[in-house]
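Accompanying notes for the structure given below.
No value in this document is a laboratory result; all are computed from the given coordinates. Note that the structure is predicted; figures quoted are calculated from it, not measured. All Cβ positions, glycine included, derive from the backbone under ideal geometry; neighbour counts span all protein chains shown.
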Amino acid sequence: MTQPDTDSEPDGTVVPFRSPRGGAVPHDDDTGGTQAAQPGTGAADGEDEKGRQILPAPGGGEDRAEAVPHDDTVLQGVPVDRADVTADTGTYLARTRERMAQAPPIVHPVLRSRRDAAEAAAFVVRYNAYLMAFHTTRSPLYVLRLMSHSPRGTARLVARWWEWVVDAEAKPVRAKAAGSGDAMQWITLSREETRRTRPRKIASAILAGAGMITAFVAGVALPGWALGAGITLLLCGLGALGGNPDRPVITRFVSEELLKPLDSTEVVEALQALGIAKPKAADGGLRFAAPIMRDGPGWRAEVDLPPGVVAEKLLDRRAELAGAMRRPLACVWPSVGSEHPSRVILWVAQKDPRKIKRVWPLLAEGQVDLYAEFPFGVTPRGEVVPLALIGTNMLIGGVMGSGKTSAVLVIALAGALDPTCEMHVYELKGSGDMESVQPVCYRYVQGDDDEDCEQALTGMYALEREMKRRKKVIADLPVEDVPQGRKVTRKLAEKYPHLKLHPILAIFDEVHTLFEHTEYGSPAAEVAGRLIRKARAYGIILVVTTQKPDKDSIPKMISDNAILRFCLAITGHIANDLVLGTGMYKRGIRANIFEPAEGDDPKDSGTGWLSRSATNARIARAYFIGQEDAREVGRRALALRTAAGTLSGEAAGETVAEEDTSTIVRHLWEVWPDGAEAVHSRDLVAALAAYRPDRYGAWLEIVGTTEADTEAKRSAQLSAALKPFGVPTKQVHRRDRGGNRKGVTLDDLRRATPADEDA
Ligand SMILES: Nc1ncnc2c1ncn2[C@@H]1O[C@H](COP(=O)(O)OP(=O)(O)OP(=O)(O)O)[C@@H](O)[C@H]1O
């Protein structure tokens, strides 16, 4: 398909034609654009035939009646699209600039990157070697096929020779002369025929004789192999003359999906099939912004969709697009271009990425430094996607079979391979997919029962306590040790090993199991919210995964404060934005373009949008590490830690202390003044903070603009914490404590206390 030449002049010539009443209409032959409404075109008054508006002639208004008379006189319109107004794009400079902007690069893109050039060269060599081997193995078949055509070749050769010997070309002329009764002409033609054919007949006889003698001598004198080769050659030669175009001798190598380069016809036809390009136009109303070119291990097309069609439309229909192109889903990657909303960047892989085995570079050897990057996955183009976790936290979301577990396993194994990293793993699916890292974990919990959720909650409390410990020790350090602010850095961790500031990787797989728990869900959401906001500064990396990205399964605090986000296949824009952040769906960062695994077909499993922000989002497929390989890595990690002496917690055979999971209701009973029917929130907050500073001490740090505001804010914290347990705060009167104030009544507290708990 050729592209429209945007630089050329309009094709048509503008000719004067009659006004509705027969008057000639003047035209502006520079632009070709000044045309008046023709009779029968249906164009409205004040519009040309293309619907462009025509203004009344200068001096319009009152004078319009004169300028556009209702008789045969000429229409004096001035086009809205005036040549002088659009002159900017018409000048040589403007046109040349536009041309230059679209000019192909001087150095072919493949040659710009050493990696691309090497890959292209290797590919060409591989391809030609393959072709050679392919045809060489089939050459005996080709010879047989050729020989099978030899009878037809012989017949063709004999027929042609005979026609030449008898001068068959001249036969109709001689027959005509014989029919016309012109004796002189006939005699002349006969003589001529004899003169031409006699030497041919003699030559043929000699050749036939020589041929027979040669055949006889060869048959007698030549060895069998030479005779055989000669006959084969002769038959092949005759076979070549008897070729049939419908039965080619050479097997053509055709691969629909593998090597078919992307071309504009394919793009246009696919978009037409989807109803996005115009059905009848040869170019589908599309415009190719740049020539289709090789881009890494695939091709890249930049297409402007027809006016009014936005590129986002195509994102939602990736599977249909791949179907229309007859290419595997994993090969077709549309994205929205940055120039304007109708620009599509279509990247098509040359080979199905799922069939390219990508091995995690750390599978067989190597260690990880969690303060630096480690390989997490690959882009559809095959580029390695690194991940740096220190100073961040991560939210991974996706439907069942989207590949969350395998993605988080890469992270867990990376953590395991850093001997300094303390691993806390809560695998709340209970499938055992993370067992490979258990031997190196400080704390490992697997299962989705109540006690597993309880342990996950206590784990969160323990992390919060550790965070506070680190915060305190860092706050006590001299300022020159923390020039970049009071946070954990590698330098700090190495300088003060006794302070134990090593990285902690805490993974909560399928965390919705915990957040949805009737008893532990609410306190877990609270503590997780605090951890996700603050822990990263202290070297504690929180990674949570969920297969239920909805507001009940991911607390707002987490979806709002997650830094790294990996959104695998999901359904709908709400889930998309919960995992990736508000507004991402609108910006075209859409994870509903991925398909989760179906049966044995992994489809897009493991593939998702990895983002830090809207401008830093890319599609990545996490490395897939099979369970056997993962166990091998786990064994290596154990050996590394044993050698480094960094095994701790359960991995070192210690019993990790059980945390207190008692609820705020229990704590209220502990601090409740004997005999009081009601207690003010202000007093309860102070009592709770004194009783359990690790849990409630933070409330006293809340400060408002006035004393009353401070009190109100702290009381609000208490109300929020009691709400999940059904304990309301309301106006209560205590004469001895300042009269009317917000507080809790003993009755309400009793009602919220489980029957088996002794008040
Ligand atoms: N990166 C990947 N590359 C190739 N295949 C993958 C990848 N990740 C996952 N798969 C395939 O998809 C299947 C489902 O993956 P996984 O169990 O990780 O999904 P999940 O989202 O955790 O599912 P569920 O929520 O049901 O536990 C795996 O069995 C595997 O075959």
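Calculated mean residue ellipticity at 222 nm for the chain: -12500 deg cm²/dmol, from DSSP H runs with n ≥ 4 weighted as -39500 (n - 2.57), summed, divided by the residue count and rounded to 500. Net charge dipole, the chain: roughly 3140 debye, given to the nearest 20, about the Cα centre with Cβ charges of +1 for Lys and Arg and -1 for Asp and Glu. Taking amide hydrogens as placed 1.01 Å from N in the peptide plane, the amide H of R734 sits under 5 Å from those of G739, N740, R741, each at least 5 positions away in sequence or on another chain. Here the spin labels are modelled as points 7 Å beyond Cα on the Cα-Cβ line, and at R635 and E494 they lie 3.2 nm apart. Entry for region 517-570 at q = 0.19, 0.29, 0.30 Å⁻¹: log10 I(q)/I(0) = -0.68, -1.32, -1.36, Debye formula applied to identical alpha-carbon scatterers, no solvent contribution. 3J(HN,Hα) along region 623-631: 4, 9, 10, x, 4, 5, 4, 4, 4 Hz, from the Karplus curve 6.51 cos²θ - 1.76 cosθ + 1.60 with θ = phi - 60°, whole Hz, x for Gly and Pro. The modelled label-to-label distance for the pair I206/A101, using points 7 Å beyond Cα in the direction of Cβ, is 7.6 nm. Residue-wise HN-Hα couplings along region 333-349, as the Karplus relation 6.51 cos²θ - 1.76 cosθ + 1.60 with θ = phi - 60° gives them from phi, are 10, x, 9, 8, x, 8, 5, 7, x, 9, 8, 10, 9, 10, 10, 10, 6 Hz; Gly and Pro carry x. With N the number of residues in region 374-646, Rg(Cα) / (2.2 N^0.38 Å) evaluates to 0.97.
Around the amide H of I540, modelled in the peptide plane, lie the amide H atoms of I504, all under 5 Å away and 5 or more residues distant in sequence or on another chain. Sorting the segments 121-127, 630-636, 275-281 by their residues' average number of neighbouring beta-carbon atoms within 10 angstrom, most packed first, yields 630-636, 275-281, 121-127.
Annotation: extensible slack from V384 through S719 equals 115.7 nm (criterion: 0.36 nm per residue apart, minus Cα-Cα distance). Radius of gyration (Cα atoms) of region 347-481, expressed as a multiple of 2.2 N^0.38 Å: 1.26.
Could you let me know the centre-to-centre spacing of region 549-614 and region 662-680, using Cα atoms, in angstrom? Computed from Cα coordinates, the inter-centre distance equals 43 Å. In square nanometres, what is one fourth of the surface area of the convex hull spanned by the alpha carbons of region 664-752? That works out to 5.4 nm², a quarter of the Cα hull's surface. Taken over region 115-241, the alpha-carbon convex hull comes to 193 cubic angstrom per residue.
What list do you get for Y520, Y426, Y130 if you sort them by fewest beta carbons within 10 Å? Before the final figure, lay out each step's value.
On the way: Y520 23, Y426 27, Y130 11.
Lowest count first: Y130, Y520, Y426.
Counted by Cβ distance under 15 Å from P341, the other residues give a net charge of +1, where Lys and Arg count +1 and Asp and Glu count -1. When each of the peptides 318-329, 163-174, 105-116 is scored by the mean number of other C-beta atoms lying within 10 Å of its residues, the order from highest to lowest reads 318-329, 163-174, 105-116. Between T705 and Y691, residue separation times 0.36 nm minus the direct Cα-Cα distance comes to 2.4 nm.
Note on V125 and D352: the model spin-label points, each 7 Å out from Cα along the C-beta direction, lie 2.8 nm apart. Helix 150-165 sits at what angle to the longest principal axis of the chain, using alpha carbons and giving 0 to 90 degrees rounded to 10? So the inclination is approximately 30 degrees. Relative to the current alpha-carbon distance between V482 and D674, full extension at 0.36 nm per residue lengthens the span by 64.3 nm. Between amide H atoms placed 1.01 Å from N, distances below 5 Å from R381 occur with no residue 5 or more places distant or on a separate chain.
Rg/Rh for region 487-603 stands at 1.06; both radii use Cα atoms, and Rh follows the Kirkwood definition. Semi-axes of the equivalent ellipsoid for the chain, please: Cα gyration tensor eigenvalues, times 5, square-rooted, ordered largest first, whole Å. Gyration-tensor ellipsoid for the chain: 78, 46, 21 Å. When the scattering of region 264-355 is computed by the Debye formula from its Cα atoms alone, each counted once and equally, what is log10 I(q)/I(0) at q = 0.20, 0.23 Å⁻¹? Log-scaled intensity ratios, in q order: -0.91, -1.22.
With the highest mean first, a sort of the peptides 261-269, 454-462 on other beta-carbon atoms found within 10 angstrom per residue produces 454-462, 261-269.
Relative contact order of the chain, taken over Cα pairs closer than 8 Å and 6 or more residues apart, is 9 percent.
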